[in-house]
1. What tally of residues in region 1-49 results from selecting those that are modelled with pLDDT of 85 or more and in a loop (DSSP other than H, G, I, E, B)?
2. For region 65-82, give me each residue that is surrounded by fewer than 16 Cβ atoms within 10 Å (Cβ to Cβ) and outside any loop (DSSP other than H, G, I, E, B).
3. For region 42-84: of the residues being in contact (Cβ under 8 Å) with a residue 40 or more places away in the chain and either acidic (Asp, Glu) or touching a His at 6+ places or on another chain (Cβ under 6 Å) (or both), which is farthest from residue 121 (Cα to Cα)?
4. Can you pull out every residue in region 119-133 that is part of a loop (DSSP other than H, G, I, E, B), under 13 Å from residue 82 (Cα atoms) and of a type outside the set (Val, Ile, Thr)?
5. Being in contact with an Asp or Glu (Cβ under 9 Å, 6 or more places away or on another chain) and either under 27 Å from residue 55 (Cβ atoms) or exposed (fewer than 11 other Cβ atoms within 10 Å of the Cβ) (or both) narrows it down to one residue among 121, 130; which is it?
6. Among (1) more than 23 Å from residue 63 (Cβ to Cβ); (2) touching a residue at least 40 places away in the same chain (Cβ under 8 Å); (3) open to solvent by 80 Å² or more (accessible area, probe 1.4 Å), there is one condition residue 136 misses while meeting the rest; what is its number?
7. If we keep just the residues of region 85-109 that are free of Cβ contacts under 8 Å to residues at least 60 places away in the same chain and either in contact with a His (Cβ under 9 Å, 6 or more places away or on another chain) or under 17 Å from residue 48 (Cβ atoms) (or both), which is surrounded by the fewest Cβ atoms within 10 Å (Cβ to Cβ)?
Amino acid sequence: MKRTTLDLWVGLFVTAGIAALLFLSLKVGGFSSAHMKETYSLSARFDNIGGLKVRGPVKSAGVVVGRVTDIRFDPETYEALVEMRIDARYRFPGDTFASIYTSGLLGDQYIGLEPGGDGKKLVTGDVIVKTQSAVVLEKLVSQFLFDRAAKGQDSK
């Protein structure tokens, strides 16, 4: 009888561990967030989107207000066109600023919306004109090293 009780507790412990791992993987993957019932679509153009991915969060003031739905390259303007769905509860002014930020230790990237003061609100199909591309660490490091090398040659 004691062996059966021990096996039962071990089984419950393993099941709880697997459930916890499943919960954490869904949380990290962003699949556990509540689905938005009514949404409207916006798009924005960026010179560089870094590691932004489809289903990436769109945040404002740290709150997830939408998701990235599509990322395409525009061969005419040589920019990335990012489509996003925003929860209909959140209406942003026409002069909203969209930036790509990095969050957390894993370096996940998201779009941050900073509302402006325009009285006219964005509606489905609008394009956010004011954007700031992702900061690419490799580019910053190479620029720093190039500037240092240039200063070193100037002093000779």
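The values are calculated or read from the model by the stated rules, or taken from the named source; none is laboratory data. The shown structure was predicted, so the numbers you read here are calculated from the model rather than taken from an experiment. When we count neighbours, we look across all protein chains shown, and the Cβ atoms used for this are built from the backbone with ideal geometry, even at glycine. The accessibility values were calculated without ligands, DNA or RNA, using every heavy atom of the protein model including side chains. Shrake-Rupley method; radii C 1.70, N 1.55, O 1.52, S 1.80 Å.
1. Here the count works out to 4.
2. 70, 72, 73, 74
3. Here the residue is 47.
4. 125, 133
5. 130 is the lone residue from the list that is in contact with an Asp or Glu (Cβ under 9 Å, 6 or more places away or on another chain) and either under 27 Å from residue 55 (Cβ atoms) or exposed (fewer than 11 other Cβ atoms within 10 Å of the Cβ) (or both).
6. Every condition holds for residue 136 apart from (3).
7. Looking at residues that are free of Cβ contacts under 8 Å to residues at least 60 places away in the same chain and either in contact with a His (Cβ under 9 Å, 6 or more places away or on another chain) or under 17 Å from residue 48 (Cβ atoms) (or both), I get 107.
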